[in-house]
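Here, each number is a calculation from the coordinates, and none is a lab measurement. Quick caveat, the model's predicted, so the values are computed rather than measured. Heads up, the Cβs are rebuilt from the backbone with ideal geometry, glycines too, and the neighbour counts pull from every protein chain shown.
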Amino acid sequence: MLHDIGKLAIPDQILGKTGPLTDDEFDIIKTHTMIGEELALGSPAIKDLAPAIRGHHERMDGRGYPDGLAGQQIPLASRIIAACDAFDAMANPRQYRAGLGSHRATEVLCEHAGTQWDPRVVDALIRVVARRPPIDEARILTNRGPRPPGLPARAAAERPRPSPPRPHAELQPKVLAGVARAAMESQLSLPS
């Protein structure tokens with residue numbers, strides 16, 4: 001998504017690394033928020049998104065990056081992006097791990113609401129996700145699709161596996177818009 005546009009400047013060997021990052025590599029990764037902000041500011045069509053891009057790795061407790069902002073200092077758009085991006089990253093499989101599924105991902109969001117993510121945004125995200133059509137969680141969790149008809153089990157196990165589908169990818173803009181709408185309503189109706 002657009003919030004990670006700054007990753008275009010991060011070396012592929014760091015972005016594609018399957019093992020743990022070194023401290024130096026993580027410091028390089030963290031620059032993507034500032035690079036993304038610069039790219040957005042250089043484009044009239046998306047310059048208004050620059051603060052949201054810069055702040056999408058800030059945390060409610062102030063332990064995020066790049067500026068260590070806390071609570072309401074973090075732009076609302078950044079707080080929305082952070083929760084939605086975390087949900088997507090946890091729920092869906094990656095090359096190096098299986099996905100947790102929607103249910104567990106929402107549990108993790110709830111566990112860290114108030115420290116890592118804005119509790120009102122987490123609440124809005126959960127409400128929007130609950131209205132979303134169900135996905136085949138078993139397929140997501142195992143990172144495997146059904147065996148094609150007529151293909152023996154052994155042949156299916158030996159064939160190369162394509163990248164798993166991203167079930168949320170086509171829904172992401174709608175989910176993000178729904179969370180933004182719900183969070184704005186919540187922000188307007190609750191005292192800060």
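For this structure, a couple of remarks:
- The residue of the range 44-54 that is farthest from the chain's Cα centre (by Cα), among those that are over 16 Å from Ile29 (Cβ atoms) and without any contact (Cβ under 8 Å) to a residue 40 or more places away in the chain, is Pro44.
- Residue count, the range 1-12 (criterion: part of a loop (DSSP other than H, G, I, E, B) and either crowded, with 17+ Cβ neighbours inside 10 Å or small (Gly, Ala, Ser) (or both)): 1
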